[in-house]
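Some notes on the structure that comes next.
The values are calculated or read from the model by the stated rules, or taken from the named source; none is laboratory data. Every value quoted in this text rests on a predicted model; they were computed, and no experiment measured them. A quick note on method: Cβ atoms are made from the backbone with ideal geometry, for glycine too, and the neighbour counts reach across all protein chains shown. Please note that ligands, DNA and RNA were not included when accessible areas were found on the heavy atoms of the full protein model with its side chains. Shrake-Rupley method; radii C 1.70, N 1.55, O 1.52, S 1.80 Å.
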Amino acid sequence: MEFGMFHQFPALPGRSEKEAFAEAFEQIDAAERWGLDTMWLAELHFDPQRSVLSAPLSIAAAVGARTERIKIGIAVQVLPLCHPLRLAEEAATVDHISGGRLIFGVGRSGLPRTYEDYGVSYAESRDRFAEVLDIVELAWSQPGFSYEGKYYNFKNISVAPRPLQQPYPPIRIAAASPDTYPAVGERGLPIFINARYGSFAEFAPEIRAYRDAYRAAGHEGRGQVYLRVPTYLAETEERAREEPRESLMHFYREQAQRLRDSLSRAGTRAIEGRAERLKRIENLTYEEALTGQVLVGTPDEVTERLRGLQDELGIDGILAELNCGGLVPHRQVMTALQLLCQEVMPRFH
């Protein structure tokens, strides 16, 4: 099983942006030192109370230059907001700086407001996503190419540099709406699933649809599934439950507000289930949250839960969101990270 940390460089209440970056990089340095497999970098825009990580490829280049071993993932690059040629160039540059350690995670984002602020229609996001991904793959794999699409047209383009990894860095796609799972399976790429609330068992039908489509398309293997999940570890069960309480509930309140806002935005689809998700979290209690899609407990408890997820869903790895909500103190995040790396991870490697 692959172990990663999902990092959004959280903004710190009453603290400077300089301090936010310093603590985030201290956690990354510790992850490198303690043997974590992958550091996953978010992409978040126009939310200064939440995050300072709006430029994941810039941060990825910095991580690549200061580390030697850990893989560097983007979770996720929001493709419809990017120019595909510029993106191909910058991501390939990161792959070289890191010595071939980039994992290129991509998605559409579930925040229509960000699209409006960038002047891009959220209703176009699916088609734009497909075009940008196609162009990036061509730019990375071909010495020269032309492309004709709905949004982009290029003739005789050669991108430099090409990625260090050949034919290009591993690509993973975030899956959220039910129709995305089989579409990604048909394409033959690994998927991210974003755990939040409800039970883990609810993912089983979507994962089955993904792997059925993957197999039907003739791809080798079964299709890899990675779970981004709120995670917290402490030495005792009591500390593991109580220390992240404020931060995790703050996260659910923020999620509810974003869902309310997105319901009135153009381009959202009923199949995405935003209204249903809002109903589920509006009155969610902390005790209910702990029985749902989270990994909270001692190293033994988290290990047992992960083994259950391997058996139940066949997951291939996690992106542990160790500071879900962004309010867990730095010292406690460091402890949780160390326990994950030194107590849990060795049992699966």
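A few points about this structure:
- Test: residue in region 126-133 that is more than 20 Å from the chain's Cα centre (by Cα) and closer than 27 Å to V94 by Cβ: yes
- Single unsatisfied condition, A55 versus (1) crowded, with 19+ Cβ neighbours inside 10 Å; (2) modelled with pLDDT of 95 or more; (3) not polar (S, T, N, Q): (1)
- Of the criteria (1) open to solvent by less than 60 Å² (accessible area, probe 1.4 Å); (2) modelled with pLDDT of 95 or more; (3) farther than 20 Å from L111 by Cβ, which one E186 fails: (1)
- Residue within region 200-216 that is surrounded by 22 or more Cβ atoms within 10 Å (Cβ to Cβ) and touching an Asp or Glu at 6+ places or on another chain (Cβ under 7 Å) present: no
- Test: residue in region 57-68 that is under 16 Å from I173 (Cβ atoms), touching a helix residue (DSSP H, G or I) at 6+ places or on another chain (Cβ under 6 Å) and among the aliphatic types (A, V, I, L, M): no
- Of the residues making up region 79-91, one or more are small (G, A, S) and either buried (at least 23 other Cβ atoms within 10 Å of the Cβ) or in contact with a Lys or Arg (Cβ under 9 Å, 6 or more places away or on another chain) (or both).
- Residue in region 270-297 that is modelled with the highest pLDDT, counting only those that are open to solvent by 20 Å² or more (accessible area, probe 1.4 Å) and closer than 27 Å to M345 by Cα: V296
- Residues in region 60-83 that are within 15 Å of the chain's Cα centre (by Cα) and closer than 18 Å to R101 by Cα: A60, K71, I72, G73, I74, A75, V76, Q77.
- Given (1) within 22 Å of V328 (Cβ to Cβ); (2) touching a strand residue (DSSP E or B) at 6+ places or on another chain (Cβ under 9 Å); (3) of a type outside the set (V, I, T); (4) at pLDDT 95 or above, index of the condition E235 fails: (2)
- For region 1-43, a tally of residues being open to solvent by less than 20 Å² (accessible area, probe 1.4 Å) and closer than 21 Å to R69 by Cα returns 18.
- F46 in contact (Cβ under 8 Å) with a residue 40 or more places away in the chain and surrounded by fewer than 17 Cβ atoms within 10 Å (Cβ to Cβ): yes
- Test for V76: is it in contact (Cβ under 8 Å) with a residue 60 or more places away in the chain and either out of contact with any Pro (no Cβ under 7 Å at 6 or more places or on another chain) or on the phi > 0 side of the Ramachandran plot (or both): yes
- The set of residues from region 143-160 being surrounded by 10 or more Cβ atoms within 10 Å (Cβ to Cβ), within 21 Å of R126 (Cα to Cα) and not basic (K, R) comprises Y147, G149, Y151, Y152, F154.
- Complete set of residues in region 317-349 that are surrounded by 17 or more Cβ atoms within 10 Å (Cβ to Cβ) and of a type outside the set (A, V, I, L, M, F, W, C): G317, E321, N323, G325, G326, H330, Q332, T335
- Any hit, region 295-307, residues being under 21 Å from the mean Cα position of the chain (by Cα), within 23 Å of H7 (Cβ to Cβ) and in a loop (DSSP other than H, G, I, E, B): no
- Positions within region 238-262 being modelled with pLDDT under 90 and either open to solvent by 30 Å² or more (accessible area, probe 1.4 Å) or farther than 16 Å from G110 by Cα (or both), in sequence order: R253, E254, Q255, Q257, R258, R260, D261
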